[in-house]
1. Is it the case that segment 610-621 has a residue that's within 23 Å of residue 691 (Cβ to Cβ) and part of a strand (DSSP E or B)?
2. Can residue 639 be described as surrounded by fewer than 21 Cβ atoms within 10 Å (Cβ to Cβ) and either closer than 20 Å to residue 571 by Cβ or touching a helix residue (DSSP H, G or I) at 6+ places or on another chain (Cβ under 8 Å) (or both)?
3. For segment 49-60, which residues satisfy the criterion of being buried (at least 19 other Cβ atoms within 10 Å of the Cβ) and within 13 Å of residue 37 (Cα to Cα)?
4. Would you check if there is a residue in segment 125-135 being outside the structural domain of residue 624 (by TED's automatic domain parsing), closer than 30 Å to residue 600 by Cα and touching a residue at least 40 places away in the same chain (Cβ under 8 Å)?
5. Please note which strands (runs of 3 or more DSSP E) are completely contained in segment 158-272 and include at least 2 residues that are within 39 Å of the chain's Cα centre (by Cα) and under 29 Å from residue 117 (Cβ atoms).
6. Report whether or not residue 466 is buried (at least 17 other Cβ atoms within 10 Å of the Cβ) and either in contact with a helix residue (DSSP H, G or I) (Cβ under 7 Å, 6 or more places away or on another chain) or over 26 Å from residue 558 (Cα atoms) (or both).
7. For segment 753-767, give me each residue that is modelled with pLDDT of 80 or more and touching a helix residue (DSSP H, G or I) at 6+ places or on another chain (Cβ under 6 Å).
8. From 187, 173, which residue is surrounded by fewer than 19 Cβ atoms within 10 Å (Cβ to Cβ) and closer than 30 Å to residue 279 by Cβ?
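The values are calculated or read from the model by the stated rules, or taken from the named source; none is laboratory data. As the structure is a computational prediction, the values presented were derived from the model and not from experiment. Heads up, the Cβs are rebuilt from the backbone with ideal geometry, glycines too, and the neighbour counts pull from every protein chain shown.
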């Protein structure tokens, strides 16, 4: 319901003042924010819903008019977001001051504010969503106080930048006509000054590294651009439709340079030469305009080739790289189907994704300076016959036409020619094979050892192992290559799988054997994963842990049965996101104090039904409280092969000769522990059968009795003396007391049998 108009409030105040104008009294000053009374706020809470984090403005009475200030506080909490359509339809607003602290302006936030002329942007703004000022037909100026802060704003679209409508940018109330970037501003983001018609000149510093896509597009009065002689990543249309761009005098034979940076190029002959002094070729510089060129000559001055610079050069056969080249961008020479030879220069440092995609390269040599490249740079390299690497390259090494990281831990790519090689043996030190590493390889056989953790997608595409046209499920060694089976049961001995091995079909269920060591978590569409035991599941290493979210909707089963209760082993120190997937029937989880980190989404969808059992004061206890999960707290928590009978106050363990009680149990931090009945022998306490562990919290006292398996005489060690006691007891020559009898009953079947005697004897002999 709309509130009373602000003007009505003012009339009430005026009437009150007139009535009491002749009276003499004093009151404390009251600070009033009239706008806040017209706003609707939405609280944003923590994951557990317990803590209010900040407020978001969701609505405003459309009667608000004139100059307004968007508050950054409400009820002593920060306001950080202007929500979608929050001020939509406020047609009488003329000026908006967005307070420091606001970080986001939502979609259509000020849509239809037809009288709005000025918007003051805070330094804290991080994001604007789609068309926040749509329909603001009177907008004339955007006001900022910090240029660097403005260059940190992420605009979701071109329409997300209010300059598109306003045209005029003001810095500290001064109209920006001649823009100079300081050295502290190294990155000009996409569409940062899109449509800024007030700009006449711009000067970049020699520290500028990146000018984003359409950063100055449509700056119709921008006629002067100064870029230093430094390699800069200049994205496409960065200066499109500026006065500089539309001035024919700046073009040379359909080529556009800005200082020593080639922005747009076009060939006219079979040989094209980039002019001397050029340091950068911008992204998409030729964009299909290099159709007839067969030979490309690049000067020694050139340091950076941008993304897609020479993409689709169908007739390009030879590239003469200069001596100064350091960077080749993604898809730079992709689809150059005639390009069969390149000599990568010493000094080259980086090659990006798909740089030579679908080229016809026959030889490939990595210089010593090339220390970073993406293996996908040479994807679909159908003709690479020789692959070598400089011996002094610190990052890579090549052997038998195969490229590795220097320590051979990762196999990066292989050539298509293996003279005199029938079987390629992946080195023992290699634990990862990159995507498409052996694609189209003619090798007859590839030998994989079982310690390879990750095999990238498409690593064996086009080899003899790729029989997807005929086989439903295919293996390479002990690794699943791919499967199109709806219900997949991995064969015994399987240790891992190729990335995205099951993307060819939605696998309904996956059954893994005890041999499984690694699972790539990029698993989509899987309803359930069945494992032999929880211990087996915990021992499997989840590769690509960023993809654990893909397990959120996967039901983890034990031999096909739902899990109702689990105990997290002490070996685990953190519970990551969705590590248990969506265990439909999971009711309780026992979490030891060794777990020091629990992701908020460790138990997706189960929080309402779950009970956590844990030690009081532990990380698990804090997690349960913060996320409003039911929990049961213990003063004493078992460790290792220890069990605790909380009813009868008995602690039973198979741990012999413990140095400290902490080897056997964890005790709540709120408790003070004492041990009675322990023996002090050879410089240490012996925690043996019959020892009393007393816990104090204030004056409250709880006593537990310790039972050590096989330790019938209470010295803390299962030895030959205990064997003798059990033997005498079995011959009715000795009566064991209650605690000794519990110690002798190693299998917990309530009687002392031959099986128990054998256990104690083996313990004694091993000791």
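1. Looking for residues that are within 23 Å of residue 691 (Cβ to Cβ) and part of a strand (DSSP E or B), one finds at least one in segment 610-621, hence yes.
2. So residue 639 fits the description; yes.
3. 57, 60
4. Checked against the condition, which is being outside the structural domain of residue 624 (by TED's automatic domain parsing), closer than 30 Å to residue 600 by Cα and touching a residue at least 40 places away in the same chain (Cβ under 8 Å), segment 125-135 yields at least one hit.
5. Values: elements: 169-171, 178-180, 201-203, 224-226, 255-258, 261-264.
Once the strands (runs of 3 or more DSSP E) in segment 158-272 are filtered for at least 2 residues that are within 39 Å of the chain's Cα centre (by Cα) and under 29 Å from residue 117 (Cβ atoms), what remains is 169-171, 178-180.
6. Numbers: buried (at least 17 other Cβ atoms within 10 Å of the Cβ): yes; either in contact with a helix residue (DSSP H, G or I) (Cβ under 7 Å, 6 or more places away or on another chain) or over 26 Å from residue 558 (Cα atoms) (or both): yes.
Yes: the conditions hold for residue 466.
7. Answer for segment 753-767, where residues must be modelled with pLDDT of 80 or more and touching a helix residue (DSSP H, G or I) at 6+ places or on another chain (Cβ under 6 Å): 757, 760, 761.
8. Values: 173 fails: closer than 30 Å to residue 279 by Cβ.
From the options 187, 173, the qualifying one is 187.
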